[in-house]
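The values are calculated or read from the model by the stated rules, or taken from the named source; none is laboratory data. Predicted model, so just to flag it, every value in this text is computed and none were measured. Quick reminder, even Gly has a Cβ in these numbers, built from the backbone with ideal geometry, and neighbours come from all protein chains shown. Side chains included, ligands, DNA and RNA excluded: accessible areas come from the protein's heavy atoms. Shrake-Rupley method; radii C 1.70, N 1.55, O 1.52, S 1.80 Å.
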Amino acid sequence: MIEATAALDSLEALLAEAGGRRRLVSVTVPVELSDPSAAVFASRLAGDRWFCWEQPDRDGFALAALGSAHEVVSRGPERFRDLVVACAEAARGRLSREPDGLPAGAGPVWVGGLAFAPDGGRTPQWSSFPPALMVMPELALHRAAGRTHLTLCALAGPGVDPAASSRRLSARVAALREVSLPLADPHPTGEARIASVLPPGRFEKSVAQAVGRIRAGALEKVVLAREVVVEAPRAHDQGAIYGALREQFASCFCFCCGSPEAAFLGASPELLVRRSGAGAATVALAGSTRRSADPAVDDHLGEQLMRSAKDRREHQIVVRRIERTLRGRSVWVEAAPEPGLVKVANIQHLATPIRAQLSESRSAIELAGLLHPTPAVGGEPRDGALDAIAELEQLDRGWYAGPVGWMDAAEDGEFCVAIRSALLRDRTGHLFAGNGIVIDSEPEAELAETEVKLGALLPLLSG
């Protein structure tokens, strides 16, 4: 790629220009490359962190990244604030060369996510996914409206050899190749083993206990999740699973956060926040039912969901909290007067778009911290619901139901709620699904709904 060679020359000049001051340097150029995610899957090294993010139905938007020029890690109740401060500090004084008018997400970008809980991810399978992690990748590929940009980033300053940085990035660019993502290839003889981490009856008991607390007035809503483990006859093919997700769930946020040991991926229908300048957008998503291959039955199921008093009540709890959170930080907040239906491959949800004009500048990460966890994945009231989750679930959610996404140099970005997701480690896949429990929830029906939600990824991991 001629453009990439020019980028390397520019980066080497910026590394020399940085002198003795520790700072990030970046170069962005247009490139002829049609599938950023496929390029990252084909070009990643064994020791890489890597990241893919797509919403295919949104003008083919894609962001894919390799390596780590700089990482920010935190844990505990102040982890969002720590990320906001550390990302701003790392970007201060950055040297860059880039075309004018870059779209949001092009150029240097932070990618990563956070666990659901402030100290989530304590169990061994989550060992390479700390409670809060944002990475400035060495190489990022951004595609929108048919145009792709390549960004190279490096850290300059004391103790950094510019020549070594240039050689490392030159080798990374030289190894960049675009091939199609692999197709799923079932094992010819072996079969996957599927098991709930806790007995299904244990989940039903937790639902009943939660309903008891709601009827006693201690809670209005709480979200309870369960975990299923899939043991495959050989290592799960992360690229094939990601490729299937973006094909089957083209309207969703398809993501894959990779480490040397594992990959956390999913297809989430739920936007936590999108920040664009002074504007913020989110979607309240709560209340769901299954899909049907028969259009008439499918429409009937959707109408039943729209008329369900239980689901509308659960949904309104989410809308109310999001509006309240944004109202104190915005010039105005506007929610759609009535929820609509969001339909994905195997499930449909009640959804209410919400927009706001911010009263002062707040980064995408800061906004994600203000909203997380919404009652769609936590509950109401917030603290009481989180205490109940910790007691009743007996589950380390890790990054499941946490924020995953990206933020660019202008602090614009977007984070989804990492539902419909799975953690893959070699032959083992950990799948998660949760439901909102309200006063008239029935344990058997809630268990059945988790099976519908698990059906998004289970066939891809067990087939």
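Filter the range 405-421 down to residues that are assigned to a strand (DSSP E or B) and either among the polar types (S, T, N, Q) or under 24 Å from Ser206 (Cβ atoms) (or both), then give me how many there are.
Going residue by residue through the range 405-421, those that are assigned to a strand (DSSP E or B) are 405-408, 413-417, 421.
If we keep only those that are either among the polar types (S, T, N, Q) or under 24 Å from Ser206 (Cβ atoms) (or both) too, we end up with 417, 421.
Looking only at that region, the number is 2.
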Handout entry: Cross-chain or 6+ apart pairs with Cβ under 6 Å, the range 228-250 first and of a type in the set (Gly, Ala, Ser), then in a helix (DSSP H, G or I) and open to solvent by less than 30 Å² (accessible area, probe 1.4 Å)
Key = Gly239/Phe41
Practice task
Tell me, please, whether a residue that is closer than 20 Å to Val404 by Cβ and in contact with a Ser or Thr (Cβ under 6 Å, 6 or more places away or on another chain) can be found in the range 171-187.
Solution key: no
Handout entry: Matching option when the condition is in contact (Cβ under 8 Å) with a residue 40 or more places away in the chain and closer than 25 Å to Gln209 by Cα, among Gly405, Gly398, Gly463, Gly455
Key = Gly398
Handout entry: Index of the failed condition, Ser276 passing every other in (1) within 30 Å of Gly67 (Cβ to Cβ); (2) surrounded by 20 or more Cβ atoms within 10 Å (Cβ to Cβ); (3) among the polar types (S, T, N, Q)
Key = (2)
Exercise for the section: Within the range 145-174, track down each residue that is more than 27 Å from the chain's Cα centre (by Cα) and among the small types (Gly, Ala, Ser). Expected result: Ala156, Gly157, Gly159, Ala163, Ala164, Ser165, Ser166, Ser170, Ala171, Ala174
Exercise for the section: Please go through the range 355-368 and pick out each residue that is surrounded by fewer than 22 Cβ atoms within 10 Å (Cβ to Cβ) and of a type outside the set (D, E, K, R). Expected result: Gln357, Leu358, Ser359, Ser361, Ser363
Completion exercise
Note: among Arg275, Arg321, just one is basic (Lys, Arg) and not in a strand (DSSP E or B), namely Arg321
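Looking at Arg147, Arg168, Arg79, Arg143, which one is out of contact with any Ser or Thr (no Cβ under 7 Å at 6 or more places or on another chain) and without any contact (Cβ under 8 Å) to a residue 40 or more places away in the chain?
Arg168
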Handout entry: Selection within the range 310-354 - open to solvent by 20 Å² or more (accessible area, probe 1.4 Å), touching an Asp or Glu at 6+ places or on another chain (Cβ under 8 Å) and among the hydrophobic types (A, V, I, L, M, F, W, C)
Key = Val333, Ala335
Handout entry: Long-range neighbours under 8 Å by Cβ, at least six apart or interchain, first residue closer than 15 Å to Ser180 by Cα and open to solvent by 10 Å² or more (accessible area, probe 1.4 Å) within the range 12-40, second modelled with pLDDT of 90 or more and assigned to a helix (DSSP H, G or I)
Key = Leu33/Ala39
Handout entry: Matching residues in the range 282-300 - criterion: being at pLDDT below 95, out of contact with any helix residue (DSSP H, G or I) (no Cβ under 8 Å at 6 or more places or on another chain) and open to solvent by less than 60 Å² (accessible area, probe 1.4 Å)
Key = Asp298
Handout entry: Matching residues in the range 283-318 - criterion: being part of a helix (DSSP H, G or I) and at positive phi
Key = none
Fill in the blank from the handout: The one condition Ala65 fails out of (1) open to solvent by 40 Å² or more (accessible area, probe 1.4 Å); (2) touching a residue at least 12 places away in the same chain (Cβ under 8 Å) is (1)
Exercise for the section: Looking only at the range 380-390, decide whether some residue is closer than 18 Å to Leu326 by Cβ and crowded, with 20+ Cβ neighbours inside 10 Å. Expected result: yes
Practice task
Among the residues of the range 422-454, write down those that are in a helix (DSSP H, G or I) and farther than 17 Å from Leu392 by Cα.
Solution key: Ala445, Ala448, Glu449, Glu451, Val452, Lys453, Leu454
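Identify, please: which residue in the range 1-55 is in a helix (DSSP H, G or I) and at pLDDT 90 or above and is, among those, farthest from Ala267 (Cα to Cα)? Break it down stepwise before answering.
Taking the range 1-55 and keeping what is in a helix (DSSP H, G or I), we get 2-17, 36-43.
Narrowing the set further to residues that are at pLDDT 90 or above leaves 36-43.
Details: Pro36: 17, Ser37: 14, Ala38: 17, Ala39: 20, Val40: 18, Phe41: 17, Ala42: 21, Ser43: 23 Å.
Filtering the range 1-55 for residues that are in a helix (DSSP H, G or I) and at pLDDT 90 or above, the one farthest from Ala267 (Cα to Cα) comes out as Ser43.
Does Arg167 fit the bill of being more than 15 Å from Leu14 (Cβ to Cβ), part of a strand (DSSP E or B) and either at pLDDT 95 or above or not acidic (Asp, Glu) (or both)? Show your work before the answer.
Working: more than 15 Å from Leu14 (Cβ to Cβ): yes; part of a strand (DSSP E or B): no; either at pLDDT 95 or above or not acidic (Asp, Glu) (or both): yes.
Judged against the criteria, Arg167 is not a match.
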